[in-house]
Amino acid sequence: MTGKRIVVASWLTLGVFALIGILDVLGVSALDTAVGVYSLALFFASLVIWIYAFGKVLVRNTQGDDIAVASWVFLQGSAPKDVRRHLLGATLASCILGFGMGFANPLGALVPMFQLGLAALWGARHGTYPERTLPPATTRGVRR
């Protein structure tokens, strides 16, 4: 699997969040701070990932790749099905966990940005995109 480290990082960080978040919801109040700090850490890490992925996509776009947001972030047509299933599955799971645990710790709602950022990172680094084609030049409105 291409970009396996990104996929593993997505599930690993989600697993840690799920473990401490669910224990917090079940009443282990000692984890309130840990969930908040972990959620904020993932969110701030996601900002770095998003900026890097956006820069990488801009470079690829200027080199002739035809990249749209759907193919870059949501991996439509740019990633194998197993990669897409893993990365978007982790994003969906983090949304369910983050928003489901929102009553216990609202900062958990920030976590899906990390999972989606990893999908965007995979798309920026490993996605396959068609070559951009330019429309034919027209001479309409050109004076000679």
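Rule-based calculations on the coordinates, nothing more; no lab input. Not measured: the values here are computed from a predicted model. In this analysis, Cβ positions are derived from the backbone assuming ideal geometry, glycine residues included, and neighbour counts consider all displayed protein chains.
The table below gives the values:
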quantity	calculated
Residue order, fewest to most surrounding Cβ atoms within 10 angstrom, among LEU40, LEU118	LEU40, LEU118
The chain: proportion of alpha-carbon pairs further apart than 18 angstrom, %	59 percent
Theoretical gain in end-to-end length, LYS81 to ASN61 [0.36 nm per residue, Cα-Cα removed]	4.9 nm
Per-residue ³J(HN,Hα) for the stretch 67-73, Karplus 6.51 cos²θ - 1.76 cosθ + 1.60, θ = phi - 60°, Hz, x for Gly and Pro	10, 10, 4, 4, 7, 7, 7
Per-residue ³J(HN,Hα) for the stretch 46-59, Karplus 6.51 cos²θ - 1.76 cosθ + 1.60, θ = phi - 60°, Hz, x for Gly and Pro	5, 4, 5, 4, 4, 5, 4, 4, 5, x, 5, 5, 4, 4
Taking the chain and dividing mean pair separation by its residue count, relative contact order in percent (alpha carbons under 8 Å, at least six apart)	36 percent
Highest average packing first - 18-30, 95-107, 79-91, Cβ atoms within 10 Å	79-91, 95-107, 18-30
Other-chain or far-sequence residues with amide H under 5 Å of ASP65's (modelled H)	ARG132
